[in-house]
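To start, the structure under review is shown below, and the notes come after it.
Nothing in this text is a laboratory measurement; each read-out follows from the coordinates by a stated rule. Note that the structure is predicted; figures quoted are calculated from it, not measured.
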Amino acid sequence: MEEDNETPSSSTLKSASKERKYVQKFKASWLEHPDFKTWLKKSDKGETKAYCKICDCDLVCGMSELLKHKNSAKHTKKDGCYFAMWKNVNFFEQKSDARY
């Protein structure tokens, strides 16, 4: 006599335990957000990616991911340099315009 085992196979358990994970798409409204508008743009690598103009890197879309990146050491350090550079460029443009 053969025993009837009612236990699911390991492949069934694996597929049953997999959950669908939501993947956030880029939102155009983030471009107007005060925390992001100076450095964020849509990535060329797909609709689920954002791009940091300051760090020159692609990011995973999502409000919490973007805020984490904004507060990261890499971004904060480069943001300070970027702001100083922009301020100097703007200063020199104003000086040269004043002469004419």
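Taking 0.36 nm per residue of sequence separation and subtracting the Cα-Cα distance, how much length would be gained by fully extending the chain between ARG20 and LYS49, in nm to one decimal?
Once the chain is fully extended between ARG20 and LYS49, it gains 8.6 nm.
Stretched out fully, how many nm does the piece from SER29 to SER72 gain, at 0.36 nm a residue minus the Cα gap?
My answer for the length gained is 13.3 nm.
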